[in-house]
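Participant: Have a look at this one before I ask anything.
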Amino acid sequence: MVHFVGAGPGAPDLITVRGAKMLEQADVIIYAGSLVNPALLERAQANCAVYNSATMTLEQVIDVMRAAEKEGKTTVRLHTGDMSLYGAIREQMDRLDELGIAYDDTPGVSSFCGAAAALCAEYTLPGVSQSVVITRMAGRTPVPERERISNFARHGATMVLFLSTGLLEEVQAELLQGEYTEQTPAAIVYKATWPEEKVVRCTVGTLAERAKQEGIHKTALILVGDFLGTEYDRSLLYHPAFTTEFREGTEK
Ligand code: SAH
């Protein structure tokens, strides 16, 4: 059996209780060493075999899983954040299907949630934005043309950019082709929830410059939108005049 487990954004106590138990019971752990906090490995049993996938190919990862399965062992595949985002899990699961190896999936706290927490921010403010666009700049992995940042920027919605900190001049130019302006609030969150976390509040016009000043070029998220500003509408749900299934409104 292979358990895919989301490690969370960094802080070792932000893994789920279920994920932690799986780590404690694993015979084999394959962790994404470039981003998973190694402190999580302290949960491993003394005789657990630990592999860092940062130095492995997909084929090597599958070989380790296959060998463990043959010996009736349990493997945890530990991915950063939540593995449904930029996790490269599908290709592993499809190969496990071909090999007839069973697996399951335990979610984690994605770094985009860790970054919101670092700012104590709400992405979906009434009267500001009710949508979150999660995307990235094209790097070595291409992004379909229809998903260009400039296309999403037309909506002016809350935007979270993964994997793009090295390309901030291009990011700025793409963002400015839509609804955002140079003054639209933005933030750079480096290593959210790690001890070395850094939060840089800036604007769309100063993203590249501020990242350079702070020496941030990777392991960061770029957040964009007026949810980082000061204006919003209060929620209807908690408004005294609003009647819900659970509460009678008191005012007309
Ligand atoms: N599955 C992961 C994302 C993996 S892609 C998740 O759900 O978070 C790797 C990218 O995620 C990094 O380049 C960076 O943009 C972002 N990232 C991962 N952990 C981060 C953290 N703690 N703080 C800020 N950004 C992070």
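Participant: So, with +1 on the Cβ of K and R and -1 on the Cβ of D and E, and no other charges, what is the size of the charge dipole of region 50-188 about its Cα centre, to the nearest 20 debye?
Facilitator: Numbers: 11 positive and 19 negative charges, 17 e Å.
Value, rounded to 20: 80 debye.
Participant: Work out the length of the dipole vector of the chain about its Cα centre, built from +1 on the beta-carbon of each Lys and Arg and -1 on the beta-carbon of each Asp and Glu, and round it to the nearest 20 debye.
Facilitator: Numbers: 23 positive and 33 negative charges, 53 e Å.
Computed about the Cα centre, the dipole is about 260 debye.
Participant: If you average the C-alpha positions of region 171-187 and of region 91-165 separately, how far apart do those two centres end up, in angstrom?
Facilitator: For region 171-187 versus region 91-165, the Cα centre distance is 18 Å.
Participant: Nearest 0.05, what FRET efficiency do Leu237 and Glu71 give at R0 = 41 Å with Cβ-Cβ as r?
Facilitator: Values: r = 53 Å, r/R0 = 1.29.
FRET efficiency, Leu237 to Glu71: 0.20.
Participant: Next up: Under a point spin-label approximation (7 Å from Cα along Cα-to-Cβ), what is the Thr16-Thr230 distance to one decimal in nm?
Facilitator: Computed distance between label sites Thr16 and Thr230 equals 4.0 nm.
Participant: If you keep only loop residues by DSSP, which trypsin sites (Lys or Arg not before Pro) in region 108-161 have at most 10 other Cβ atoms within 10 Å of their Cβ?
Facilitator: Numbers: sites: Arg136, Arg140, Arg146, Arg148, Arg154; in loops: Arg140, Arg148, Arg154.
Sparse-neighbourhood loop trypsin sites (Lys or Arg not before Pro): Arg140.
Participant: What is the total of Lys pairs in the chain with C-alpha atoms under 26 Å apart, excluding same-chain pairs fewer than 8 positions apart? Mind dumping the intermediate values first?
Facilitator: Working: Lys21/Lys70; Lys21/Lys73; Lys21/Lys191; Lys191/Lys212; Lys191/Lys218; Lys198/Lys212; Lys198/Lys218.
For the chain, qualifying lysine pairs total 7.
Participant: Go through region 185-230 and name the GluC sites (Glu not before Pro) that are in a DSSP coil and have 13 or fewer other Cβ atoms within 10 Å of their Cβ.
Facilitator: Numbers: sites: Glu196, Glu197, Glu209, Glu214; in loops: Glu196, Glu197.
Answer in residue order: Glu196.
Participant: Kirkwood Rh and Cα-based Rg: tell me the resulting Rg over Rh for region 194-249, rounded to two decimals.
Facilitator: Working: Rg = 18.7 Å, Rh = 14.9 Å.
Dividing the radius of gyration by the Kirkwood radius yields 1.26.
Participant: Sum up the charges of everything whose Cβ sits under 11 Å from the Cβ of Ala211, counting Lys and Arg as +1 and Asp and Glu as -1, but leave Ala211 out. Mind showing how you got there, number by number?
Facilitator: Numbers: positive: Lys198, Arg210, Lys212, Lys218; negative: Glu169, Glu209, Glu214.
Net charge in that neighbourhood comes out at +1.
Participant: I would also like to ask the following. Plugging the Kirkwood radius over Cα pairs into Stokes-Einstein for region 142-252, at a temperature of 20 °C and a viscosity of 1.002 mPa s, what D comes out in µm²/s? Intermediate values should be presented prior to the final figure.
Facilitator: Numbers: Rh = 15.8 Å.
This corresponds to a translational diffusion coefficient of 136 µm²/s.
Participant: Listed highest first by mean packing, meaning other Cβ atoms within 10 Å per residue, what order do 184-190, 71-77, 96-102, 226-232 come in? Spell out each step's value before the answer.
Facilitator: Values: 184-190: 23.0, 71-77: 18.3, 96-102: 12.1, 226-232: 14.4.
Going by the mean number of other Cβ atoms within 10 Å, highest first, we get 184-190, 71-77, 226-232, 96-102.
Participant: Something else: Among His155, Leu167, Tyr180, whose Cα lies farthest out toward the positive end of the dipole of region 141-252, if unit charges sit on the beta carbon of Lys, Arg (+1) and Asp, Glu (-1)?
Facilitator: Leu167
Participant: Then there's this: Starting from the alpha-carbon convex hull of region 1-154, give the projected area averaged over all orientations, in nm². Walk me through the numbers before you get to the answer.
Facilitator: Numbers: hull surface 43.7 nm².
Reported value for the Cα convex hull: 10.9 nm².
Participant: Mind giving me the nanometre distance, one decimal, between the label points for Leu58 and Glu245, set 7 Å out from Cα along Cα→Cβ?
Facilitator: Modelled inter-label distance: 4.2 nm.
Participant: Can you tell me the length gained on complete extension of the stretch Glu122 to Val50, counting 0.36 nm per residue apart and subtracting the Cα distance? Walk me through the numbers before you get to the answer.
Facilitator: Numbers: separation 72, 0.36 × 72 = 25.92 nm, distance 3.73 nm.
Here the answer is 22.2 nm.
We did not get these values from a lab; they are worked out from the coordinates using the rules stated. The model shown is predicted, which means the values in this text are computed figures rather than measured ones. Backbone-built Cβ (ideal geometry, glycine too); neighbour counts: all protein chains shown.
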